[in-house]
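The structure appears below as C-alpha cells.
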Amino acid sequence: MSQPALLRLAKVSKRYGTVQANKEIDLEVHSGSIHAVLGENGAGKSTLMKLIYGVEQPDAGHIYWNGQEVHLARPSDAQALGIGMVFQHFSLFETLSVVQNVSLMIPGKPADLAQKISDLGDQFGLSVDPHAMVHRLSVGERQRVEIIRCLLLNPKLLILDEPTSVLPPQSVRRLFETLRKLQAEGMAILFISHKLDEIRELCDTASVLRSGEVTGRVDPREHDARSLAQLMIGREMPNVAHAAPRPPREERLRLNALSHPRASRFGTTLEGIDLKLRSGEIVGIAGISGNGQQELAALISGETRAQEPGMIEIMGKKVGHLGPMARRKLGFAFVPEERLGRGAVPEMSLADNSLLTAHSRNMLSRGFIRRSVERAFTRECIDAFDVRTPGPDAEAGAMSGGNLQKFILGREIMLNPDVMLVSQPTWGVDIGAATAIRRRLLDMRDQGCAILVISEEMDELFEMCSKLHVLHKGHLSSALDAAETSPQEIGRYMIGAAT
Amino acid sequence: MKLRLIRRDSASRLAMFTAPVLALVFTCLASLVLFAALGKDAGAALHALLLKPFLSWYSFSEVLLKMAPLLLIAQGLAIGFRANVFNIGAEGQFIVGALCASALPVYFPDGDFPMMLPAMIAFGALGGTVYALIAAALRTRFGASEILVTLMMALIAVQILNYLLLGPWKDPRGFNFPQTVMFPDNALLPILFDGTRTNISLIFSLLASLFAYLMMQHHFRGYQLRTAGLAPRAALYAGFSAPRMVWLGLGLGGLAAGIAGASEVAGPLGQLQRSVTSGYGYAAIIVAYVGGLNPLGIIASSFLISVIYIGGDSATVSARLPVAAVEVFQGLLLFFYLLTFTLIRYRIEFSRKVPA
C-alpha cells in the first residue's frame, strides 16, 4: 500500500507487575477497513485498546498516526487525533436525556446537538430520540447513543469493545449495517470480539492475540471458525459433544405466579412468573441483563424474600419466606453472576471462601472452624475443577475471573445439590474455562441435578438446555423447546416482539 | 517519576509488622520538627513521651492501668467494626456501665450487699449492653444509622451522669462537689500489684482479648461478622442474617464498654464522679483501628496508646509541652499508621517513565 497506515503500532509492550499484558505488538489499521482484534479474555485486547485510546501508556514501542509518531498521554489526546471509543460498559447517565448526555462531552447548543443526533441517526441507521431519558432506552439504543457521541467528534478511527456482547441478534444485524456504512465513508474501525462468526461476517482483517502477543494476522473471511479458534487458544477447539439427556424426572423447583415489585427506580418489577424445573434437565432463561434477571435470581436464592411462601417451591416445599441458608439445607445451590463480593469475598483466602457456603460439609465443630477440613475441601475443589492458583491460601480477589468462577462453581457442585441456579456462568470467562464449566453442568444434569441457567449468551443456552424461557421487562415467556425454536425466535422474545 | 500502588496477591506479613514501626518512626520525625518549631526541646519531649513510661515501675503500672479499659473497649468495638457496625458512642455505654455499677454502692454505702463487686460488674455489663442495643433496635427496625445514634446517645449519657451527680446521687457530705460517696472496700476491685493502682480489670481485658481472638479468628460467628464487613453482598448470598450481625456487633461493644465503665468506678476512681468521662470510649476507636481490628494487634496498640497517654502527661510537665501538641502527636501517629497500613495490601511501584 502506498499510503501510510492510519494507525500503526510498532513493538508496543505493556507490563502490569509480573503480568506481561502486551508484548511487542505490531498492528496496522487502514482507513475504510474493519479490523478485528480477536482473543480470549485475558489475552491483552483491553490493554491494547487502552494504549491506543491514551488511557494507559506503553512501556516500550511506538505508535504512529498517519505515519507520524504520537504520544497519547490521555484520552483527549487520542480524541484530538480522531480516535473514538465505545466501551463495553456504557458510560451514560441514566437520569439524563440523550442530548444532555451528549452535551456533557460535545460543545454546542442542545437544539443544534439534537438536530445533529437526528441527522447522524438517519445517515447511519442509528435512530434514537434525542430527548428520551437514557434509563428508558433499550441496550441497543444506549449503544447507539454511545456511537453517536463518538461520531460527533468526527473520528477517523472508531474502536468498539465487545459491542455485540449485550445485544439481541436483531440489534447485532443493525449494528453491522451501521458499521458497514461508516466503513463506506472511509472510516477505520477496530472491532474487538471473541465471537468468531461475527468477525468472519464483518471484518476484512483480523489480528489474533494470545497471551499478550499477536499470534496471527489473517483475512477472517478465508478461515473457518474452527481455525480462527485454534489461532486464538493455541490448540484444538475443545469439543462439548455430550450424551443426550435422559427424560427428566420429578419436579424440584417451581415458581407459581411469582411477582415482586422493583426495589428502586432502575430495578425491574417481576410479574406472574411461572416455571417448572425437573430432575435431570437444564432449563435456560435467555434475555438481556436488566430485564429482571438479577431480581429473579435473588428471589430464587432467598437473598430477596418472596411476598408469599407459595410463590417459590424447592423440593416440593414452599420456601418463598425462607432465607438462603434454609433453602440450601433443602439441597439448593447457587452460582451468582458477580463473583467478587457476592460469590466470594475478595479479601479472604480460597479456603475461607469455601466456608461461605460449604460450612455444612463437616467444617464446623461446635461452631469452631475445622481448618483441616476446610483446606482439604478447598484442595479437592482446586484439583477437581482445574482452578489455577498457588493454593488454598491465595486470596480470591487476586484470581482471574475465569479461575474464580471455576472455584465458585466447583464449591457449589461439591455440595451435591439437588437443584442449582447458575447465573451468567461464563461471563468474562475464557473459552477453555467456559467449555469446562458447561461440561461440568452437563455432568451434573446427567447425575440427576435440576439446573436453571440464566444467561445472555444464546449459543451457550442452546448448547446446554432442553427448554428455554425468555425474560423481557419482568415477564417470563412460556417454555420453548430448545430443539424446536431458533435464535431468531428467541431474539423476537428478547426485544418484546413476541410474547 | 510516577508513584503507583499495586495490589498484592495476598496481604504481606512483613508489612504487617513493619507498618506500625514505620508509623512510629515517621511520627517521631514529624513531631521533632513540630516540637522544635514550637521552641521546645524536642529531644526531651520525645524522651518524656516515649521513654519515661518505662523508666519507673510506678509509671509503667500506670500504663497498665490505662491500658485495661482501652483494651477492653477496643476489643468489643473491633468486633462490630469488622462487621461494618460502627459503634462510635462507646463513651456513652462506658458511662452507663459506670452509672449502673455505682447504683449499688450508692444505695448500700456500708457495703451490706451480697456479692457486691460481681453484682456491680454484672450491672455495668448489662447497662452498657442495653444502652448499645437501643441503637441496634433503631438500626434494624428503622434503618437509623448506628453511627449517629450511638454518638448522640453518648451525649445523653453525659447528661444523665450530670443529673445524678448534681442531684439524687450527690454525696451529702461532699462539700457540694458533683460526686458520689466513696465506695466501700468490698465495692473496689482488688489491686494486682502492691503499691500501684493497677487492678484486676487488666485480667478482664486480657480474657476479653482471648475471647475476641477465638471468636473472630476461629469461630464461625466471627467469620460471619468478618464476611458481613468485607462483602455485605456475599454475607447476604450465604444467608448470614444482617440484623443479627448488627445486634451482635453493638451488643458485644456495649458489653465490653459497660464492664470497663464499672471497672473504672470500682477501680482507680473509687466513686462516681464527672471525670469518669475521660474519653476512653473515643480513644478506644483509635486503639481498635491502630491494632488493625485484630485481637492480637489491639493488645499491642492499647499498650502503645497508653504509653503515649502517660508519656504525654509527663511531657506536659517535664518538657512544658502544651496539651494540644501531645494531641497532635497522637493524631500524627494515627495518620501515619493509616498511611503505612496501606502497604500491607498494596506495594509501591515507581515508574520512571515520564508521560509525554
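Throughout, read-outs are computed from the coordinates displayed, never taken from laboratory work. In this text the structure is predicted, and so the values were computed from the model without any measurement. Glycine gets a Cβ as well: all are built from the backbone with ideal geometry, and neighbour counts include every protein chain shown.
With unit charges on the beta carbons (Lys and Arg positive, Asp and Glu negative) and the dipole taken about the Cα centre of region B:69-295, which residue among B:PHE240, B:GLN75, B:LEU148 sits farthest to the positive side? Of the listed residues, the answer is B:PHE240.
Please compute the average number of Cβ atoms from other chains found within 10 Å of each residue's Cβ in peptide A:317-327.
For this peptide, the per-residue mean of nearby foreign Cβ atoms is 2.
Histogrammed with a bin width of 10 Å, the alpha carbon distances of region A:392-499 distribute as 13, 41, 31, 12, 2, 0 percent, first bin at zero. With the simple model of a label 7 Å out from the Cα in the direction of the Cβ, A:ASP459 to A:ALA184 spans 2.9 nm. For the peptide A:337-345, the mean number of other protein chain Cβ atoms found within 10 angstrom of a residue's Cβ is 5.
Ranked highest first by average number of other Cβ atoms within 10 Å, how do A:314-325, A:218-229 line up?
On the way: A:314-325: 18.0, A:218-229: 15.5.
Result, highest mean Cβ count within 10 Å first: A:314-325, A:218-229.
FRET efficiency for the B:ILE147 to A:ASN362 pair, using the beta carbon distance and R₀ = 51 Å, is estimated at 0.85.
Within a straight-line Cα-Cα reach of under 23 Å, A:LYS116 can be paired with the following lysines, leaving aside sequence neighbours fewer than 8 residues apart in one chain: A:LYS156, A:LYS181. Each 10 Å bin from zero up to the one holding the largest Cα-Cα distance in chain A carries the following percent of pairs: 4, 17, 26, 26, 18, 7, 1, 0. In straight-distance terms, cross-link reach from A:LYS276 covers every one of the aspartates and glutamates whose alpha-carbon lies under 17 Å from its own, apart from those fewer than eight places away in the same chain; here that gives A:GLU250, A:GLU251, A:GLU313, A:ASP418, A:ASP481.
Extending 7 Å from Cα along the Cβ direction at B:ILE6 and again at A:ALA398 yields two label points whose distance is 1.2 nm. For chain B, the mean residue ellipticity at 222 nm estimated from helices alone is -22500 deg cm²/dmol, where every DSSP H run of n ≥ 4 contributes -39500 (n - 2.57) and the total is divided by all residues, rounded to the nearest 500. Toward the positive end of the charge dipole of the protein assembly as shown, with +1 on the Cβ of Lys and Arg and -1 on the Cβ of Asp and Glu, the farthest Cα among B:PHE183, A:SER76, B:MET16 is that of B:PHE183.
Calculated [222 nm] ellipticity per residue, helices only, for chain A: -9500 deg cm²/dmol; basis is -39500 (n - 2.57) per DSSP H run with n ≥ 4, divided by all residues, nearest 500. Residue exposure proxy: A:ASP77, B:ASP194, ordered by other Cβ atoms within 10 angstrom of their Cβ from fewest to most, comes out as B:ASP194, A:ASP77. In a reduced charge model with +1 at each Lys and Arg Cβ and -1 at each Asp and Glu Cβ, region A:343-499 shows a dipole moment near 520 debye about its Cα centre. Using C-alpha pairs below 8 Å separated by at least 6 residues, the relative contact order for region B:69-295 is 45 percent.
Within region A:251-494, DSSP assigns beta bridges of which about 50% are antiparallel (rounded to the nearest 5). Rounded to the nearest 20 debye, the dipole magnitude of chain A is 1180 debye, with +1 charges on Lys and Arg beta carbons, -1 on Asp and Glu beta carbons, and the Cα centre as origin.
Quote the FRET efficiency, to the nearest 0.05, computed for B:ASN186 versus B:PHE350 with a Förster distance R0 of 56 Å and r equal to the Cβ-Cβ distance. Display every interim value, and only then the final one.
On the way: r = 65 Å, r/R0 = 1.15.
Step by step, r from the Cβ atoms, then E = 0.30.
If only the Cβ of Lys and Arg carry +1 and only the Cβ of Asp and Glu carry -1, the dipole of region B:69-295 around its Cα centre is close to 820 debye.
Give me a single rounded figure for B:213-225: the average over its residues of other chain Cβ atoms within 10 Å of their Cβ. Display every interim value, and only then the final one.
Numbers: counts 0, 1, 2, 0, 1, 5, 5, 9, 2, 3, 9, 3, 0.
Mean inter-chain Cβ contacts per residue within 10 Å come to 3.
Which of B:TYR107, B:LEU332, B:PRO118 sits farthest toward the positive end of the charge dipole of chain B, with +1 on the Cβ of Lys and Arg and -1 on the Cβ of Asp and Glu? Projecting each Cα onto the dipole axis, the largest value belongs to B:LEU332.
Amide H to amide H distances under 5 Å link B:SER278 with no residue, where only residues 5 or more positions off or on other chains count and H is placed in the peptide plane.
Measuring between alpha carbons in the structure, the pairs from A:LYS195/A:LYS473; A:LYS317/A:LYS467; A:LYS23/A:LYS50; B:LYS40/B:LYS66; A:LYS11/A:LYS50 lying more than 19 angstrom apart are A:LYS195/A:LYS473; A:LYS317/A:LYS467; B:LYS40/B:LYS66. Given labels modelled 7 Å from the Cα in the Cβ direction, how far is it in nm from A:GLU380 to B:LEU32? Each label point is offset 7 Å from its Cα along the Cβ direction, giving 5.8 nm. For region B:30-95 versus region B:292-319, the spacing of their alpha-carbon centroids is 3 Å. On the basis of the beta-carbon distance and an R0 of 30 Å, B:MET16 and A:GLU338 show a calculated FRET efficiency of 0.55. Maximal additional length on extending the A:LEU96-A:ASP77 stretch stands at 4.2 nm, based on 0.36 nm per residue less the C-alpha distance. What separates the Cα centres of region B:121-155 and region A:431-452 is a distance of 49 Å.
Solvent-free Debye calculation, one equal scatterer per alpha-carbon of region B:69-295: log10 I(q)/I(0) at 0.10, 0.15 Å⁻¹ equals -0.44, -0.91.
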